[in-house]
1. Which value in nm describes the separation of the simple spin-label points at residue 284 and residue 423, placed 7 Å from the Cα toward the beta carbon?
2. Pop a pseudo-label 7 angstrom from the Cα along the beta-carbon direction at both residue 511 and residue 113 and give the gap in nm to one decimal.
3. When the helices in the chain are scored as -39500 (n - 2.57) per DSSP H run of 4 or longer and the sum is shared across all residues, what 222 nm value do you end up with, to the nearest 500 deg cm²/dmol?
4. Figure the gain on full extension for residue 193 and residue 306 (residue separation times 0.36 nm, minus the Cα-Cα span) and round it to one decimal in nm.
5. By how many nm would the segment from residue 48 to residue 408 grow when fully extended, if each residue of separation counts as 0.36 nm and the alpha-carbon distance is taken off?
6. Averaged over every viewing direction, what's the projected area of the C-alpha convex hull for the chain? Give it in nm², one decimal, please.
7. Given an 8 Å cut-off on Cα distances and at least 6 residues of separation, report the relative contact order of the chain as a percent.
8. Take the alpha carbon gyration tensor of the range 336-428, find the square roots of its eigenvalues, order them as a ≥ b ≥ c, and report rounded if a/c is under 1.5; if not, report prolate when a/b exceeds b/c, else oblate.
């Protein structure tokens, strides 16, 4: 077996663990006085996610008394109508929510029209005076991506991109951030023409999940894991993001996105960067985000000629999911009957650095799969010599460490143990840690955590400009090859774990997909 990681590395990790315990990534903070301005306030995201997250922050007393919300959207609505929407979004709200509703107002207008932003400027001044919001503004773009740049530029034209004296101005942007590397760079250029990088908060709700953040704690606060987290001991890594649902009523959106853009370029790359990164020198935004970017830059960008051999794209056919008959993708509402959009992607990636050289990274994501699950599985190498007869170890497999991101958040370690009885038989057993069983307090919703961080000015769990660019660079060759018809579109039955070519992707290496 290869030599262990040098002791100076262990010392560095031990130091980081001490910092994690002393400083903590989960510091208790309150939002400062301010106004949250939500563009797209009449939309589904605001109603389902943002308003409940704000109410929960209010219930936990993490919002100040001097807090207000301004909703901006094209939908005609009065202030009282918007307040009714806020109340209906959280029927069982705590007492503090009523005060926030009372302070909140609504602006009807086009996202790039000067009148909209003149009204916004006036309303912000009024709230500073009446509520005491102190000139702190957080602009949240919950609109369709096509108007991200327009809204940012319109804010700049009336000076709302510049903080008032003693105040702040921050811009929170939902995904998708561009459709490819070129459009992402164009959007970045537009945003940077009016906002500085430290004002821009690119949100990916996966980074707000406790179990995604727990990858850092698992690695850097436990001496038993980090020394093994490398090519000397790990055979391969699998990342699975599986959904049982189809496109539901978002067929027209999904036709323009597909699984590669919708999941791989953002969610998967975020989870992967935390899994692959080196210990940061400091437990802060720059330290953690810098190491994430370095990890992604170490992922080998596929050559165009290699794409058919390392990537599989597929689309679900009709089938059965959780006991219900479901239609194929091309029969979904808003989907073209001859659509070539992928609903499933499987990839084999390589990493060119000291820690991960030679360790394949297998990624898969898809809709209409048998189980909703997001997990990272690290399978360890086999023992160099198995002393037991093969008949006694038929139920034994290599050790594996599985981090479950959702829905049953936790960590599982698979190892071998003797089966009770006279015969000496060894098989797999599981040591399982579940968040729900271990902690009495329910973890906050991802949007709750991220909204609070944005308003408080902590960018640790948000995506930096160079990180977006690097992630697009990894998938760009696939987009180009697939757009040119350079890879077939496979089919898979709804309720299955994907197409046969995805299984063959691992079988060629003598491996197979883990069944969650």
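Laboratory data are not the source of any read-out in this text; all were calculated from the coordinates shown. Quick caveat: nothing in here was measured; it's all calculated off a predicted structure. Note: ideal-geometry Cβ built from the backbone for every residue, glycine included; neighbour counts use all protein chains shown.
1. 6.1
2. A separation of 5.5 nm, rounded to one decimal place.
3. Taken over the chain, the calculation gives -10000 deg cm²/dmol.
4. Result: 36.9 nm gained on full extension.
5. Taking 0.36 nm per residue and subtracting the Cα distance, the gain is 127.5 nm.
6. For the chain, averaging the hull's shadow over all directions gives 26.6 nm².
7. About 18 percent, as a whole number.
8. Prolate, since a/c reaches 1.5 and a/b exceeds b/c.
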